[in-house]
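Reviewing the structure listed below.
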Amino acid sequence: MGSQLVAQIEEAAAWVARNRSSEALFERLTQGGCMICGAGGYGRQVAAALHERGIAVHGFIDRNATPGATLDGVPLITRGDVVAAEASKRTAIIAINNFHTPIEEVVVWAGSLFGDTLFVPELPDVIGPALGNYWQGARDLVTRNADSISRLHERLADETSRNILACLVAYRQKAAPQFHPPVDRENQYFARDLLLPLEEPQVIDCGAWPGDMVGLARAAGQRIAGWYAFEPDPQNHVALATVAREAGIEFAALFPCAVGESPGMVSFAAGSADASHAVDLATAAASLVPIVRVDDVVEAQRIDMVKLDIEGFEAQALKGMARTLEKHRPRLCMAIYHKPADLWELPLAIAEQFPEARLAIRQHGYNGYDTVLYVDL
């Protein structure tokens, strides 16, 4: 089966070279310019990158636009304002790039009017690597790592996981939303088709804001009995105390810290809710927060679950909780979408450390986000 996935990856790479090469797509942009669907932060980032490359941006398309509005000097219009005759000469760039918004409907609409459509997975190649946020990066990264992806494919415990992995690599290569795996928004960390842990689990929650682990457990018919919550953003951390109190958790230890491989300090951009993240200290509004090893600060009779969703620092955190994982053998739920290679490198690292572990993947977000690895150690 693994060799079939390698063949799929190689066939997709050949298809991209024939039909969606970066050079060809960029040439289309230079000929007719573009309009950007989505006027959020990512859409503005795309527009700025296009301006730097001399590509004309004729407008942002957003449902909340008001007559005569502009954004960064570019017209901000609704779909109803798009002139079909002009759109047919231009490229639509779908710049809706978040975990909670499906894009199929806007893609169908754009495809009926515009000469071509560009998607988020294509933009780092076509416009520039600075657009490579989270899992997004060079499309040939999948091709170059086909053997590793194939090894993971063979190591996964169930057919659902293998299908999700195959869909994700196809989506990263071919970009259009029809290649994206189905999304389960309701059951993140408590996937209903995977055996759940104890009914009153003791949980280590790394990247605990906004306390969603508590509500998701309740929706799955479970009550968290013990909550070791790590959240470095000061504002987010204070709010977690309210979550713990209102949920009636018997024991809650809330740590205003990041987690990692060794103790230290990290500069952190706070105040961005679930998008808070480590940054260069020179960044405006950055502050220093402590890093701790989970092995050094958590001492418990049992740990039933560990959640890791910490903006790309999952690999380091795993090394700092190796003793805890070995001792308690909890269910591990880990984000594998923050960096392009996390999709295969993190699961393979776990498989090497715990050869008997059962690995599964579930997709809980749109647009390549909220891909979670479930590991029963």
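The values are calculated or read from the model by the stated rules, or taken from the named source; none is laboratory data. Since we're looking at a predicted model, the values are computed, not measured. Glycine gets a Cβ as well: all are built from the backbone with ideal geometry, and neighbour counts include every protein chain shown.
Things to note:
- Across region 92-130, the qualifying residues are those that are among the β-branched types (Val, Ile, Thr) and out of contact with any strand residue (DSSP E or B) (no Cβ under 9 Å at 6 or more places or on another chain), and the one among them that is farthest from Ala17 (Cα to Cα) is Thr101.
- Within region 184-215, the set of residues being surrounded by fewer than 18 Cβ atoms within 10 Å (Cβ to Cβ) and within 20 Å of the chain's Cα centre (by Cα) comprises Asp184, Arg185, Glu186, Asn187, Pro210, Asp212.
- You will find that of Ser161, Ser267, the residue that is modelled with pLDDT under 95, out of contact with any His (no Cβ under 6 Å at 6 or more places or on another chain) and not aromatic (Phe, Trp, Tyr) is Ser267 and no other.
- Any hit, region 196-210, residues being small (Gly, Ala, Ser) and not in a loop (DSSP other than H, G, I, E, B): no
- Cross-chain or 6+ apart pairs with Cβ under 8 Å, region 314-325 first and among the β-branched types (Val, Ile, Thr), then part of a helix (DSSP H, G or I): Thr324/Val294; Thr324/Asp295
- For region 301-339, the candidate set comprises residues that are of a type in the set (Val, Ile, Thr) and in a loop (DSSP other than H, G, I, E, B); within that set, the residue that is farthest from the chain's Cα centre (by Cα) is Ile303.
- Taken together, the residues in region 161-195 that are in a helix (DSSP H, G or I) and out of contact with any Cys (no Cβ under 9 Å at 6 or more places or on another chain) amount to 16.
- Note on region 218-251: residues that are in a helix (DSSP H, G or I), of a type in the set (Lys, Arg) and closer than 25 Å to Arg192 by Cβ total 1.
A quick yes/no check of all residues on (1) part of a strand (DSSP E or B); (2) in contact with a helix residue (DSSP H, G or I) (Cβ under 9 Å, 6 or more places away or on another chain):
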{"site": "Ala65", "(1), (2)": "no, yes"}
{"site": "Leu76", "(1), (2)": "yes, no"}
{"site": "Gly80", "(1), (2)": "no, no"}
{"site": "Ala92", "(1), (2)": "yes, yes"}
{"site": "Asn98", "(1), (2)": "no, yes"}
{"site": "Thr101", "(1), (2)": "no, no"}
{"site": "Val106", "(1), (2)": "no, yes"}
{"site": "Trp109", "(1), (2)": "no, yes"}
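- Tally, over region 106-134, of residues that are over 17 Å from Leu50 (Cα atoms) and either among the hydroxyl-bearing types (Ser, Thr, Tyr) or surrounded by fewer than 23 Cβ atoms within 10 Å (Cβ to Cβ) (or both): 9
- Hey, Ala138 of a type in the set (A, V, I, L, M) and at positive phi or not: no
- Members of region 27-45 that are touching a strand residue (DSSP E or B) at 6+ places or on another chain (Cβ under 8 Å) and either within 15 Å of Asp116 (Cβ to Cβ) or part of a loop (DSSP other than H, G, I, E, B) (or both): Arg28, Leu29, Gly32, Gly33, Cys34, Met35, Ile36, Cys37, Gly38, Ala39
- Output for region 1-60, where each listed residue is charged (D, E, K, R), within 15 Å of Glu122 (Cβ to Cβ) and surrounded by fewer than 16 Cβ atoms within 10 Å (Cβ to Cβ): Arg18, Glu23, Glu27, Arg53
- Every condition in (1) on the phi > 0 side of the Ramachandran plot; (2) part of a strand (DSSP E or B); (3) not β-branched (Val, Ile, Thr) holds for Gly54 except the one numbered (2).
- Every condition in (1) surrounded by fewer than 20 Cβ atoms within 10 Å (Cβ to Cβ); (2) within 20 Å of Thr371 (Cα to Cα); (3) of a type in the set (Phe, Trp, Tyr) is met by Phe251 except one, and the failing one is (2).
- Single condition Ala17 does not satisfy, out of (1) hydrophobic (A, V, I, L, M, F, W, C); (2) free of Cβ contacts under 8 Å to residues at least 60 places away in the same chain; (3) not in a helix (DSSP H, G or I): (3)
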